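A short reminder: the numbers here are calculations on the coordinates, not readings from a lab. Note that the structure is predicted; figures quoted are calculated from it, not measured. All Cβ positions, glycine included, derive from the backbone under ideal geometry; neighbour counts span all protein chains shown.
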Amino acid sequence: MTPAGVETVLYNFTNSASDGYDPHSAPIEATNGKFYGTTPYSAGNYISVAYSVTSTSGSFETVHVFANSEGQDIFAGFVQGSDGNLYGVASDQGANGYGTVFKMTTAGVVTVLHNFDDSDGNYPYLPLIQASDGNFYGTTAYGGAYGAGVVFKITPSGTYTLLHSFEPSINEGNQPSSALLQATDGKLYGTTFYGGPYGNDGTIFNITTGGTFTTLYNFCPVTGCADGAGPNAPLKQNTNGVLYGTTYNGGGTCNCGVVYSLNIGAKAFASLGSTSGKEGVKVNIFGQGFASTSVVKFGGTQATAVTRSGTTFLTATVPAAALTGSVTVATGKTTLTSSQTFKVTPTQTTFDPPSGPVGTSVTITGTGLMQTSKVTFNKVSASFAVVSDTEVTATVPTGATTGKIAITTKGGSASSATSFTVN
């Protein structure tokens, strides 16, 4: 849908065995440009499906049909990890019948990372998040020490840690009801739909990545629940540092829900519309107090092409010689730093000479090469020297064979379009 409200139907689900029906969550855009999502059911059965769809033509592909051993009833959407894999949860089935955590390649190869057994959680139905430490965090609606749900951590390789079991008897809440949010203070924030001391109307909590749990707010302390009841949607942090959310019920006589804010004392920051791209691409930046004099830098390199729209939004073009790192926006004496790292992805355009024996010095040209950390000739590592952002020299290593030249930087990797011939 365009910002003006013009809708285009990309795909109609058919309730077949290949595409499913009743998708509960929005698809996510992966780094390959396709959108990936799930349906919990297909062909009238409790068989979940993972799909991809393009945003231009609506080209639809069934990526994976889940087996019971991998998990079923997949209501949550994916999160793409920094390793490029898609991570998700299934609320049912798996080895113990209580759901799973899994990862899936964009080609549809699924690996089960954890099978819940009720004591460590039961019925995960909300999306995972990948925190700044590289681990994934999530919740289950039930299970744990008190049957009221848990917060857990899992590494990309599948090492599972139960961080906290909700204990309703001490008003910690019952049944986590929203995906976690890592705020700029590093803590994870979430809500429970039930629990609390004022009539089972829900709570707001935070938890550190080490497992220290704190209840921040209990809903409905007064008759009529003017502050809301039953928070049932993820918290969002605005660039002013404040958290915002909604409740399912409450709000006075209508009992129709509220929009609320929670000030956690966080400072203002910048937020990026995209977190990776080549030099020359445009990046949307959200923040506070922007002006025509605002200076944008990518990893310390100033962007010269900046377009501002109001005081909270601007678009900047990734400049030549930009570095992977934080994006900053300086307006007068105030500097806002992005909460995400922007990765400058490298490119390769040419290499010269096109062939040679072991020991040959090869000049590789492209963009985004300043932070090169590795060069390979057909997967054999080579010694190299960074000359500039657009040039790297490498020596054909012993054991190299004819094949592609690949460069790896802090922002990603790029392979040559043609092969280098070793003779």
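Brief remarks follow.
- Separation of the alpha carbons by more than 20 angstrom is noted, of Lys278/Lys343; Lys187/Lys267; Lys379/Lys404; Lys103/Lys404; Lys187/Lys236; Lys297/Lys410, for Lys103/Lys404.
- Taken along the Cα-to-beta-carbon direction at a fixed 7 Å, the label points for Glu61 and Ser82 span 2.7 nm.
- Applying 1/(1 + (r/R0)^6) with R0 = 60 Å to the Cβ-Cβ distance of Thr253 and Ser381 gives a FRET efficiency near 0.30.
- 5 angstrom amide H check on Tyr41, placed H, neighbours 5+ away: Tyr21, Val49
- Where labels lie 7 Å past Cα in the beta-carbon direction, separation of Glu391 and Ala95 in nm: 5.6
- Three-way shape label, segment 1-55, alpha-carbon gyration tensor, a/c 1.5: prolate
- Rounded Å value of the spacing that divides the Cα centres of segment 1-23 and segment 185-234: 34
- Projecting label points 7 angstrom from Cα along Cα→Cβ for Phe213 and Thr54 puts them 4.7 nm apart.
- Whole-number percent relative contact order across segment 271-344, with pairs defined as alpha carbons under 8 Å at least 6 apart: 37
- Computed from backbone phi, the HN-Hα couplings of segment 407-423 come to 10, 10, 10, 5, x, x, 9, 8, 10, 5, 6, 10, 8, 8, 8, 8, 10 Hz, rounded to whole numbers (Karplus: 6.51 cos²θ - 1.76 cosθ + 1.60, θ = phi - 60°; Gly and Pro given as x).
- Under Stokes-Einstein, with the Kirkwood radius over Cα pairs as Rh, the value for segment 373-423 at 37 °C and 0.692 mPa s is 295 µm²/s.
- Stretched out straight at 0.36 nm per residue, the stretch from Thr349 to Thr334 would grow longer than its current Cα-Cα span by 1.5 nm.
- Mean projection of the Cα convex hull over all viewing directions, computed for segment 271-344: 3.9 nm².
- Size of charge dipole - the chain - debye, nearest 20, with Cβ of Lys, Arg +1 and Asp, Glu -1, no other charges: 1400
- One chain, two ends: Ala145 and Ala131. Fully extended at 0.36 nm per residue, the span grows by 2.6 nm beyond their Cα-Cα distance.
- From phi via Karplus (6.51, -1.76, 1.60), per-residue ³J(HN,Hα) for segment 357-367 in Hz, x at Gly/Pro: x, 4, x, 5, 8, 10, 9, 10, 10, x, 9
- Amide H contacts of Val242 (H built 1.01 Å from N, under 5 Å, at least 5 apart or other chain): none
- Environment charge at Gly412 (Cβ cut-off 11 Å; Lys +1, Arg +1, Asp -1, Glu -1): +3
- In sequence order, calculated HN-Hα J values of segment 140-154 (Karplus, 6.51, -1.76, 1.60; Hz; x Gly/Pro): 10, 6, 9, x, x, 5, 10, x, 10, x, 9, 10, 9, 10, 9
- Ordering Thr372, Val63, Leu163 by the projection of their Cα atoms onto the charge dipole of the chain, which places +1 on the Cβ of Lys and Arg and -1 on the Cβ of Asp and Glu, puts Thr372 at the extreme positive end.
- Taking Cys256, Cys220 and counting other C-beta atoms within 10 Å, the order from fewest to most: Cys256, Cys220
- Between segment 131-177 and segment 30-83, the alpha-carbon centres lie 24 Å apart.
- The chain: most fluctuating residue of Gly310, Gly245, Gly230 per GNM, C-alpha cutoff 10 Å: Gly310
- Considering only Phe166, Phe193, Phe351, the mean-square fluctuation computed in a Gaussian network model of the chain, springs between alpha carbons under 10 angstrom, is largest for Phe351.
- Between Gly257, Gly88, Gly356, the residue with the greatest mean-square fluctuation in the GNM of the chain (Cα pairs under 10 Å linked by springs) is Gly356.
- Net length gained if the chain between Thr311 and Asn45 were fully extended (0.36 nm per residue, minus Cα distance): 90.7 nm
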